[in-house]
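Heads up: the structure comes next, in structure tokens.
The values are calculated or read from the model by the stated rules, or taken from the named source; none is laboratory data. Since we're looking at a predicted model, the values are computed, not measured. Cβ: placed from backbone, ideal geometry, glycine included. Neighbour counts: every protein chain shown. We work out accessible area using only protein heavy atoms, side chains counted, and drop any ligands, DNA or RNA first. Shrake-Rupley method; radii C 1.70, N 1.55, O 1.52, S 1.80 Å.
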Amino acid sequence: MSCYDRRDLGQLLLRLGTGGVLAAHGAQKLFGWFGGHGLEGTGQFMESVGYAPGKASATAAGLAEAGGGTLLALGLATPAAGAAAAGAMAGAAAVHLPNGFFAQAGGYEYATTLGLAAAGLAITGPGRLSLDHALGHVFDRGWMVPAALGVTAAATAAVIGARNCRVRAKTEGKQEALFEEFEE
């Protein structure tokens, strides 16, 4: 009988798939790889959807995705990796929320799925086929799960809240400008 069971294989596959996709998306933001726009282009996009300053926001999102995704794939520092990736995906979902659920309409389905998978891995752990297991779970202690998820949730709520205020102010400013034009 093998010392690994089907749960370990399942966690490995989930880590590799989720982590690989996240790492690739982060590399698009940071380096322009895989058809991405790099920090300059991503920073301009981030600014246009309310995340300011744009380049700093692109860097933070890229690092959370690339770093969190790579660490998830390796099964290293899984609580922190999963929390960071989940936070980045919550920020992406906030942008897509007005478009509804389905990704084909630009909705939040894809970002939410990746974020939930990353958070699920942060909670369940990496399994025995991981660097965390090989290193004796030095970076995967039980107390790290609520700490990583709690800190990430607080930071993500603050960032998304500030973004939503900027978007609301911009929308209200456009409405006021239209109203002023109509009065003239």
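For the Cα atoms of the chain, what angle does the longest principal axis make with the long axis of helix 144-183, in degrees from 0 to 90, nearest 10?
Once rounded, one gets 20 degrees.
May I ask you to list the residues of region 28-57 whose amide nitrogen lies under 15 Å from a point 7 Å from Cα along the Cα→beta-carbon direction of V167?
Counting only backbone N, you get 45-52.
Any idea of H137's accessible area? Nearest 10 Å², probe 1.4 Å.
50
Could you tell me how many degrees, from 0 to 90 and to the nearest 10, lie between the Cα long axis of helix 38-48 and the main elongation axis, the longest principal axis, of the Cα atoms of the chain?
The helix 38-48 is inclined about 50 degrees to the chain.
Could you tell me how far the Cα centroid of region 31-80 sits from the Cα centroid of region 82-103, in Å?
13
Take peptides 111-123, 144-156 and line them up by average Cβ neighbours within 10 Å, highest first, as a rough protection proxy. Before the final figure, lay out the partial values.
Details: 111-123: 21.0, 144-156: 16.7.
By packing density, highest mean first, the sequence is 111-123, 144-156.
Keeping all protein chains in place and using 1.4 angstrom, which order do E109, E47 fall into by accessible surface area, from largest down? All intermediate terms of the calculation are to be shown ahead of the outcome.
On the way: E109 55, E47 95 Å².
Ranking E109, E47 by accessible area, largest first, yields E47, E109.
Mind checking Rg over Rh on the chain, alpha carbons, Kirkwood formula for Rh? Intermediate values should be presented prior to the final figure.
On the way: Rg = 18.8 Å, Rh = 17.4 Å.
Taking Rh as the inverse mean 1/r over Cα pairs, Rg/Rh reads 1.08.
Would you work out what percent of the accessible area of region 7-49, with all protein chains in place, is carbon or sulfur (probe 1.4 Å)? If you can, show how the numbers build up before the last one.
On the way: 1600 of 2350 Å².
For region 7-49, the apolar C and S fraction of the accessible surface comes to 68 percent.
Quote the relative contact order of the chain in percent (integer), defining contacts as alpha-carbon pairs under 8 Å separated by 6+ residues. Display every interim value, and only then the final one.
Numbers: 286 pairs, mean separation 40.3, N = 184.
Here the relative contact order equals 22 percent.
Classify region 24-121: rounded, prolate or oblate, from the alpha-carbon gyration tensor (a ≥ b ≥ c, eigenvalue square roots; a/c under 1.5 rounded; otherwise prolate if a/b is larger than b/c)? Intermediate results must be reported in sequence, preceding the final value.
Working: a/c = 1.79, a/b = 1.15, b/c = 1.56.
Judged from the Cα gyration tensor, region 24-121 comes out oblate (a/c at least 1.5, b/c at or above a/b).
Given a 1.4 angstrom probe, what's the average accessible area per residue across the chain, in square angstrom?
Working: 10270 Å² over 184 residues.
Per-residue value: 56 Å².
For the chain, take the longest principal axis of its alpha carbons; what is the angle in degrees between that and the long axis of helix 109-124, to the nearest 10 within 0 to 90?
40
Counting helices only, and only those DSSP H runs with n ≥ 4, report the 222 nm mean residue ellipticity of the chain as the sum of -39,500 (n - 2.57) divided by its residues, in deg cm²/dmol to the nearest 500.
Numbers: 7 runs with 137 residues, N = 184.
-25500 deg cm²/dmol, from helical runs alone.
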